[in-house]
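Rule-based calculations on the coordinates, nothing more; no lab input. Please read all numbers here as calculations on a predicted model, not as lab measurements.
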Amino acid sequence: MKITKQYIAGFVDGEGYFGIVRKTHKECTDGFYYTPVLKITQVTKNDEVLKKIKEFIGYGNFSFDKRNINPNGADKSNLEIRGMKRVLPVAKILLPELIVKAKQAQLVIDFCELGEADTNLTKKEISQKREKLYRQIKQLNRRGPVETKREGTPQV
């Protein structure tokens, strides 16, 4: 099996999650701390793929989750990448190849780059924009029908 960015993007589209985690933090301007996350979950008996993806990317936390049991009763393995400095480069590399999770990846990129492009923003404005991005990605990540058509691709 050859691991490529296209292979990883396909895996993320099927088994992955781009998100923004929000935690309460009293020292932050708006009372919350936000961090981007990329998580891929796979049935443990197939965890070799996640290990190869981690090796290809160069970092990530690999773990077994016995609490996260899928319907057939098998344990799951997770590869998780957190933080702006780690998630941003992966999201940028995968974005052109993603279909199902492209919007989530773009929101994570926007989140990570917030404040870099426009240094005139106040801390309050940055916090408001982060909250907006957090809500948008949370809405996209709700389970339900998913748009899988790539723009410019003729429908069959």
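Couplings 3J(HN,Hα) for the stretch 101-106, derived from phi with the Karplus relation 6.51 cos²θ - 1.76 cosθ + 1.60 (θ = phi - 60°), are 9, 5, 5, 5, 4, 5 Hz, where x marks Gly and Pro. Kindly flag which residue pairs out of Lys51/Lys85; Lys2/Lys51; Lys39/Lys101; Lys2/Lys92; Lys5/Lys138 have an alpha-carbon separation exceeding 19 Å in this structure. Among Lys51/Lys85; Lys2/Lys51; Lys39/Lys101; Lys2/Lys92; Lys5/Lys138, the Cα-Cα distance tops 19 Å for Lys51/Lys85; Lys2/Lys92; Lys5/Lys138.
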